[in-house]
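Colleague: Below is a structure I'd like to ask you about.
None of the figures in this text is laboratory data; all of them are computed from the coordinates on show. This is a predicted model, so every value here is computed, not measured. Methodologically, a virtual Cβ is constructed for each residue, glycine included, from the backbone with ideal geometry; neighbour enumeration extends over all protein chains shown.
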Amino acid sequence: MRRAVCPGSFDPVTNGHLDIIGRTAPLFDEVVVAVMVNKSKKGMFTLEERMEMLTDAAAPHPNVRVDSFDGLLVDYCRTNEVRAIVKGIRAVSDFDYELQMAQMNHALTGVETLFMPTAPEFSFIASSLVKEVATYGGDVAHLLPAPVHRRLLERIAERA
């Protein structure tokens with residue numbers, strides 16, 4: 001089975017993430033969207049909330065499943081028989097960082113990393129930027145799936 005993983009924090013999932021997931025889905029038998037557990041970061045959404053939003057957003061792709069991992073991505077890949085990591089690249093700065101990570105991952109386990117450029121209309125979207133703009137009242141509805149946008153606004157109101 002050709003299996004790939006699309007890792008990230010997805011706090012929250014954006015239309016840019018969904019672009020990469022949707023374009024990866026037809027290329028593999030199974031695509032695992034793996035949500036990182038980073039104990040040193042306090043996200044806006046819990047792991048369970050992020051996984052739920054991703055599951056709903058990825059529902060149009062029957063070969064996509066959502067999972068989580070803690071620790072090294074290559075260990076997750078080894079345990080789950082994943083041979084390829086797919087990473088979205090927005091800009092040269094993303095590539096600089098991701099290339100080093102890809103080379104390290106390959107050296108550790110032989111897992112391959114495939115870089116997919118984001119569609120131009122999503123090239124500026126980052127979850128952190130979306131949260132910041134929304135926190136100050138900016139309209140980010142067009143950058144997120146509608147249910148995610150509603151949850152983001154609710155969470156911002158809760159914290160206010």
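Colleague: Using a ≥ b ≥ c from the Cα gyration tensor of segment 90-160 (square roots of the eigenvalues), is it rounded, prolate or oblate, where a/c under 1.5 gives rounded and otherwise the larger of a/b and b/c decides, a/b for prolate?
Modeller: Judged from the Cα gyration tensor, segment 90-160 comes out prolate (a/c at least 1.5, a/b above b/c).
Colleague: Per DSSP helix of 4 or more residues, -39500 (n - 2.57); summed, then divided by the residues of the chain. What does that give at 222 nm, rounded to the nearest 500?
Modeller: Per the formula, -13000 deg cm²/dmol.
Colleague: Report the calculated FRET efficiency for Arg65 and Ala160 (r = Cβ-Cβ distance, R0 = 30 Å), to the nearest 0.05.
Modeller: On the way: r = 35 Å, r/R0 = 1.16.
For R0 = 30 Å, the calculated efficiency reads 0.30.
Colleague: Here is a further query. Work out how far the C-alpha atoms of segment 3-123 reach from end to end along every principal axis, then list the three figures in whole Å, largest first.
Modeller: So the three principal-axis extents are 34, 32, 29 Å.
Colleague: Next question, about the same structure. How would you rank Ile156, Ile21, going from fewest to most other Cβ atoms within 10 Å of each one's own Cβ?
Modeller: Fewest-to-most Cβ neighbours within 10 Å comes out as Ile156, Ile21.
Colleague: Got the relative contact order for segment 35-153 handy, in percent, Cα pairs under 8 Å and 6 or more residues apart?
Modeller: 21
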